[in-house]
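Comments concern the structure below.
The values are calculated or read from the model by the stated rules, or taken from the named source; none is laboratory data. No experiment lies behind these values; they were computed from the predicted model shown. We place every Cβ from the backbone using ideal geometry, glycine too, and count neighbours over all the protein chains shown. We work out accessible area using only protein heavy atoms, side chains counted, and drop any ligands, DNA or RNA first. Shrake-Rupley method; radii C 1.70, N 1.55, O 1.52, S 1.80 Å.
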Amino acid sequence: MTEKSFSNSDDIFFRIRENYKRISENIDGAMDKAGRKDRVRLMAVTKTVPFENVNYAVSLGIDLLGENRVQEFLGKYEFYDSKSQIHFIGGLQSNKVKYIIDKVSMIHSVDSVKLADEINKRAALCGKITDILIEVNVGGEKSKGGVAPDQIDEFSCYCKELSNIRLRGFMAIPPIDINGSNNKYFEQMERIYNDCRSKSGKNIDTLSMGMSNDYQQALRYGSNIVRIGSALFGRRK
């Protein structure tokens, strides 16, 4: 009997499928451990990932994609499976909003009045309301974007006054975790999210935090979008 040969894509797809199965089991386990019955969404982060691999992940049941880079996204957008919903999660310059505003359903990285104003302006020109998340620099790191926690109330109020954006919640990337050191940041984000929900009602429903190395940890603190790249697709080259 001749041994079956596998193409490189077969091997890649096998690994994506096995990774997805493991991640899904981990999410279910973390949700059970936290006593949560609400819904969490697994976002496939597509930075540097060929569109064929992304579409295979979509075929497995992942319906949410996260894009980091405008130019890379524009080069892959037309090839993506139409079943997928796309969020922009990377740092976004205001002069590039016009290129993505009609292609994404949510922008996670809103961290300035200038950017909020531009999104509002471009959404109005498209005749749409764009959902946004405020990015919070919860660790106070100079290398990262985001609004300082003590400025969230003021910035949230500003965003809510803009007619063509809809504030849905918050996104955060805490510092690298060392033996549970990030629990305090996740807990702080959960408080910020719940406080805003209590003040603002039904539109606030999204807390995006947790990536490949800490998504199970984030789920203990109310995250309902986890952004998974390398744990799903493998290490970036």
Only Lys, Arg (+1) and Asp, Glu (-1) charged, at Cβ; the chain dipole about Cα centre in debye: 160 debye
Carbon and sulfur %, accessible surface of region 79-237 computed with the full protein complex present, 1.4 Å: 45 percent
Kirkwood hydrodynamic radius of region 103-145, from inverse mean 1/r over distinct Cα pairs, in Å: 11.4 Å
Accessible surface, region 61-143, averaged per residue in Å² (probe 1.4 Å): 45 Å²
Mean projected area in nm² (Cα convex hull; one quarter of hull surface) for region 10-135: 8.7 nm²
Kirkwood-Stokes translational diffusion coefficient of the chain, alpha-carbon pairs, 37 °C, 0.692 mPa s, µm²/s: 177 µm²/s
Residues of region 148-225: accessible area per residue with a 1.4 Å probe, Å²: 51 Å²
Gain in span if fully extended, Leu60 to Glu154, counting 0.36 nm per residue against the direct Cα distance: 29.7 nm
Translational diffusion of region 127-237, µm² s⁻¹ [Kirkwood Rh, Cα pairs; Stokes-Einstein; 20 °C; 1.002 mPa s]: 146 µm²/s
Angle in degrees between helix 183-200 and the longest Cα principal axis of the chain, rounded to the nearest 10: 60 degrees
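How do 85-96, 208-219, 25-36, 102-113 rank on mean C-beta neighbours within 10 Å, highest first?
My ranking of the peptides, most packed first, is 208-219, 102-113, 85-96, 25-36.
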Convex hull volume per residue in cubic angstrom - Cα atoms of region 89-166: 78 Å³
Binned Cα-Cα distance frequencies in region 37-81 - 10 Å width, integer %: 27, 55, 14, 4
Mean-position separation - Cα centroids, region 178-237 and region 52-81, in angstrom: 22 Å
Angle in degrees between helix 51-60 and the longest Cα principal axis of the chain, rounded to the nearest 10: 90 degrees
Estimated dipole of region 15-78 in Debye, rounded to 20 [Cβ of Lys and Arg +1, of Asp and Glu -1, Cα centre]: 220 debye
